[in-house]
Amino acid sequence: MAEINISNKVVGKELYGYQKDALREIFDRFENAPKDYHLLYQLPTGGGKTVIFSEIVRRYIANFKKKVLVLTHRIELSKQTSKMLKEFGVSNKIINSTAKLDDQHDFDCFVAMVETLKNRLNDDKLDISDIGLVIVDEAHYNSFTKIFKFFDQSFILGVTATPLSSNIKLPMYENYQELFVGESIQDLIDNNYLAKANMYSYNVGLTSLEVGANGDYTVKSSEDLYTNTDMLTKLVSAYEETAKGKKTLIFNNGINTSIQVFHAFKKAGYPIAHLDNTNTKKERELILRWFHKTPNAIITSVSILTTGFDEPSIEAIILNRATKSLTLYYQMIGRGSRIFKNKSTFDVVDLGNNFYRFGPWGADLDWQKMFRAPDYYLNAILSDEEIESTFRYELPADVKKEFANSKDTYFDMKAIYIDTIRSGESSKRVLEKSIVHHAKMCIENSEDVFDALILAKMLGEEIDDRINRYAKCISKSTHNFVTWLKDDYRKKLNTYLRENFDRDFEKIFGHPPIEE
């Protein structure tokens, strides 16, 4: 048995207390578990997992005199990992498609992407006979499991912030025998290792979104929703209300959405850049350099900045998308969680109902239960219909200004429906009461019937919301019926205003409308 030396002397970076504790736990498994043991280590984004496993590599090579392989899923991560390992004094070789392997015996550590490594192993170009440890970064991606068969005599250490498989058909407990849970997000916040998230949520109707074969919302259905004018207006308004002037990162689901977001912010006069995976390396470097040095800069992007991107000065994250992936949710928010100078908090703006779906970032999740019984967790996640049924509709900011004289703009469709039916009235009376309420709002903010009819048109989105809720109450919601109801409601509201404007105006203001 090898003698384990876990001294606190580190080449490269000094480890925090919780990182040293993790090292001791992991090396205990190296010493006492079978040599082909599979251990999964969970640590939040921002907890320094690359630092930890770089020190693990250094000490493992020194103690066990065996080689180490580090697997990543993106070329940028391979380069960053290689650089960090060198900071820790670990000479390593990146195995990419062009790497010559004549000198492989001069190295004790290799860094590789899965597909490239698989090809080299199939071609029998890489000697893996002396690799005792395989470290899998971002282990929740299932692409790694295909090469495990080559390392049936090696200890496999998976590292992830969220021990929930990216493929529900391949649960992580099938590939790892144990989950070791590291420090929690809340503990890291309490001890000033991570910034605290101030969370703001804007209700969004997502029932038009479709779920694809990968279990998440499709890009096409997301693009259709998030590129419409109302959503772009809501996004800019949300930024102005919560994050204006702060260094901000916006996540979108689709390149076209990100481009539309870029134009919307540019038109509003804000400093913004768009970044996606079609940008050249030089363009990416220029944009990120500009983002780093510009205090109020905004980057709108697709998911390419969720991993391997570290900009501690970020002050706000905007989730301009919905996701069903807990991992992606945590990765996106984690980009703003780094401590920086006087920054101890950051803002998160959610425009995808993600807070309702997963809970607040840093909530006390039972990672062990999630690892052992992922289906139990996934089945407990609320559907979009369940989430939206609890929403209270809010008028958009620009519309709300037009109804400044109205103190009561909320109409609880479900509660009024129940009261109406219990009193023995027809369900149609609910819509009549709603029309009277909308008419009152229009009249309170108008000088004549023409003003009121203009305001009624501005209530279109809220009318649709009320009709949708009404259709659920009466359990009759065929598309054609609901469409007819919405059209009929608008006609009846306009008729009511034309016939009753003068009478209701006098009731509200105590005098008839002033005629010019």
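The values are calculated or read from the model by the stated rules, or taken from the named source; none is laboratory data. No experiment lies behind these values; they were computed from the predicted model shown. Here the Cβ is made from the backbone with ideal geometry for all residues, glycine too, and neighbour counts use every protein chain on show.
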- Search region 81-94 for residues being under 16 Å from K49 (Cβ atoms) and touching a residue at least 60 places away in the same chain (Cβ under 8 Å), and hand back the single one that is surrounded by the most Cβ atoms within 10 Å (Cβ to Cβ). M84
- Given (1) outside any helix (DSSP H, G or I); (2) exposed (fewer than 15 other Cβ atoms within 10 Å of the Cβ), where does H263 come up short, assuming only one miss? (1)
- Message: Here are the criteria: (1) in contact with a Lys or Arg (Cβ under 8 Å, 6 or more places away or on another chain); (2) surrounded by fewer than 19 Cβ atoms within 10 Å (Cβ to Cβ); (3) of a type in the set (V, I, T). Tell me which single one V181 does not satisfy.
- Response: (1)
- Query: Conditions: (1) closer than 27 Å to N203 by Cα; (2) touching a residue at least 40 places away in the same chain (Cβ under 8 Å). I443 meets all but one. Number of the miss?
  - Reply: (1)
- Out of the residues in region 353-395 that are more than 21 Å from S201 (Cα to Cα) and acidic (D, E), which is surrounded by the fewest Cβ atoms within 10 Å (Cβ to Cβ)? D375
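May I ask you to verify whether E425 is touching a residue at least 24 places away in the same chain (Cβ under 8 Å) and acidic (D, E)?
Values: touching a residue at least 24 places away in the same chain (Cβ under 8 Å): no; acidic (D, E): yes.
So E425 does not fit the description; no.
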- Message: Just the residues that are more than 24 Å from Q153 (Cβ to Cβ) and either in contact (Cβ under 8 Å) with a residue 40 or more places away in the chain or touching a Phe, Trp or Tyr at 6+ places or on another chain (Cβ under 9 Å) (or both), please, taken from region 56-80.
- Response: R74, E76, L77, Q80
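Exposed (fewer than 12 other Cβ atoms within 10 Å of the Cβ), among the charged types (D, E, K, R) and under 30 Å from E240 (Cα atoms): which single residue out of D465, D398, D451 fits that description? Explain how you work it out, then say what you get.
Details: D465 fails: exposed (fewer than 12 other Cβ atoms within 10 Å of the Cβ); D451 fails: exposed (fewer than 12 other Cβ atoms within 10 Å of the Cβ).
Sole residue among the options that is exposed (fewer than 12 other Cβ atoms within 10 Å of the Cβ), among the charged types (D, E, K, R) and under 30 Å from E240 (Cα atoms): D398.
If I ask for residues that are assigned to a loop (DSSP other than H, G, I, E, B) and either touching a Pro at 6+ places or on another chain (Cβ under 6 Å) or hydroxyl-bearing (S, T, Y) (or both), which ones from region 119-163 would you list?
Our first condition is that a residue be assigned to a loop (DSSP other than H, G, I, E, B); within region 119-163, this holds for 123-130, 138-141, 152-154, 161-163.
Within region 119-163, S129, Y141, S154, A161, T162 qualify.
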- Provide a single number: the residues in region 164-190 that are touching a residue at least 60 places away in the same chain (Cβ under 8 Å) and assigned to a loop (DSSP other than H, G, I, E, B). 11
- Query: Which of (1) more than 20 Å from E388 (Cβ to Cβ); (2) without any contact (Cβ under 8 Å) to a residue 60 or more places away in the chain; (3) in a loop (DSSP other than H, G, I, E, B) is the odd one out, the single condition Y410 does not satisfy?
  - Reply: (1)
- Message: Among the residues of region 324-340, are any in the same structural domain as R289 (by TED's automatic domain parsing), surrounded by fewer than 22 Cβ atoms within 10 Å (Cβ to Cβ), over 18 Å from the mean Cα position of the chain (by Cα) and closer than 30 Å to H274 by Cβ?
- Response: yes
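Which residue, of E174, E138, E210, E178, is among the charged types (D, E, K, R) and at positive phi? Spell out the reasoning first.
Numbers: E174 fails: at positive phi; E210 fails: at positive phi; E178 fails: at positive phi.
Within the list E174, E138, E210, E178, the selection yields E138.
Here are some residues: E447, E499, E462. Which one is part of a loop (DSSP other than H, G, I, E, B) and among the charged types (D, E, K, R)?
Details: E499 fails: part of a loop (DSSP other than H, G, I, E, B); E462 fails: part of a loop (DSSP other than H, G, I, E, B).
Result: E447 is the single residue among E447, E499, E462 that is part of a loop (DSSP other than H, G, I, E, B) and among the charged types (D, E, K, R).
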